[in-house]
Structure formats: C-alpha cells, structure tokens
Amino acid sequence: MLKKISIGLAVLTAALTAGAEIIISDVSYTADSLTFTMTGDLSGYTEPDSTRLNQLTIGYSGDLCSLDTGSYVANSSWSASPFQDVSISSSGYTGAWDVGTPEPYTWVTFDHDLSSSSQASGTSVTVNFSGDALNTEAASGDIIFYWGFSQSGYEYTEIGRSTVIPEPATLGLIGLFGGGLLAVRRLFMI
C-alpha cells in the first residue's frame, strides 16, 4: 500500500530558518520505502556544529515508524543522491534506536561534507529498506529532514518537514459516520 503525501494531503514547510531555500515535495512511502524530491540549496541554514556535515537524517515522529524500540533495518539502496555533486558513501540504516535520539530515523552519509552552497538535485529519490520500517496506517506524524546527525550529542539543522494527514478515504468514512449519526438523531427526534 502506497501512502501518498502531496500538497493536498500534507503541510510542507521549507524550514524554520529565515532565508532557507530547501523545498521537500512529492513525499510518499510504503512499509519498505520512502520517496521524496528535494529542490533548492542549503543557503540560509545554520551549518550544524558537527563532525557529521556529510550526513542527511530523516526522522519519523508520531506513529510513522513500525519498528520496535532498539531495532533497525538496513537501507538496501538509494535511487539517487538528493544533492548535486555529492555521492552516497554509505546508505545507512533506518531504525528506532534507544540511544537518546529525538525520534526513529533514516540516515545516509555522503562522500564529502555538505555546505551552505550545496544544491539539491531536484530528482525523485527513493530509499528502499531491507524490511518493513514504516506504518502505512499512520494516523499522525511528521517526516523531518535534517542536515547532520539527529542523535544526542550531535548538532543538526532541520531543513524540511512533511506532515501526514489521513488519506481522503479515511476522512470520507469519518464524515459518512458523522452524517449517519445526525440522520439517526433526526429520525428519533420526530
């Protein structure tokens, strides 16, 4: 089952930093993959004070991650690098570690550090996991993109966020149920 998060189904934010230029769009996921497109550049963002400037981390809040705390799966492949002129050196892992992280996350390491002049590739990127990691029935949560390593003890900068909103069919069923309750109430009030 593909969970599509688009402009109609998600709230997209560039970042909290003034002048930030990264835009995350076309976000969708299945239990074993995440797809997104990143455009713009890192100008306007505060460079993380970190030894992990060559890393992108994608966090999952709410009930998006289906893994138990302390477990993880390998990222079996990235279809492309989300940044121009930077190659992926390690495809990383996706997990729900219990080592002081703010939320479960996916990470990737590049062959050299990102900087404020790093340009997003503008191509659709798919991360395939070696097993199921995401909850396709998630009722709420955010997919958060960080420059740096989002683990306790490291500096990182949020560069984008996509909020999960239940799909239209679910909202339709909720509306239908509410309408049915009103009809029943009206029927018995006669």
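The values are calculated or read from the model by the stated rules, or taken from the named source; none is laboratory data. Please read these numbers as outputs of a predicted model, since none were measured by experiment. All Cβ positions, glycine included, derive from the backbone under ideal geometry; neighbour counts span all protein chains shown.
Observations on the model:
- Flag if residue 86 is surrounded by 18 or more Cβ atoms within 10 Å (Cβ to Cβ) and part of a strand (DSSP E or B): no
- Cβ pairs under 8 Å, 6+ apart, first in segment 92-104 and among the charged types (D, E, K, R), second in a loop (DSSP other than H, G, I, E, B) and modelled with pLDDT of 60 or more: 98/69; 98/70; 103/61; 103/150
- Segment 19-58, subset out of contact with any strand residue (DSSP E or B) (no Cβ under 8 Å at 6 or more places or on another chain) and over 23 Å from residue 90 (Cβ atoms), residue surrounded by the fewest Cβ atoms within 10 Å (Cβ to Cβ): 19
- Where residue 94 falls short, out of the listed (1) touching an Asp or Glu at 6+ places or on another chain (Cβ under 9 Å); (2) crowded, with 19+ Cβ neighbours inside 10 Å; (3) of a type outside the set (Asp, Glu): (1)
- Looking only at segment 62-82, and only at residues there that are in a loop (DSSP other than H, G, I, E, B) and touching a Gly at 6+ places or on another chain (Cβ under 7 Å), the one that is surrounded by the fewest Cβ atoms within 10 Å (Cβ to Cβ): 63
- Applying the criterion of being more than 25 Å from residue 63 (Cβ to Cβ) and small (Gly, Ala, Ser) to the residues of segment 108-139, the residue that is surrounded by the fewest Cβ atoms within 10 Å (Cβ to Cβ) is 117.
- Residues that are charged (D, E, K, R) and assigned to a strand (DSSP E or B) were ranked within segment 101-160; the one that is farthest from residue 87 (Cα to Cα) is 142.
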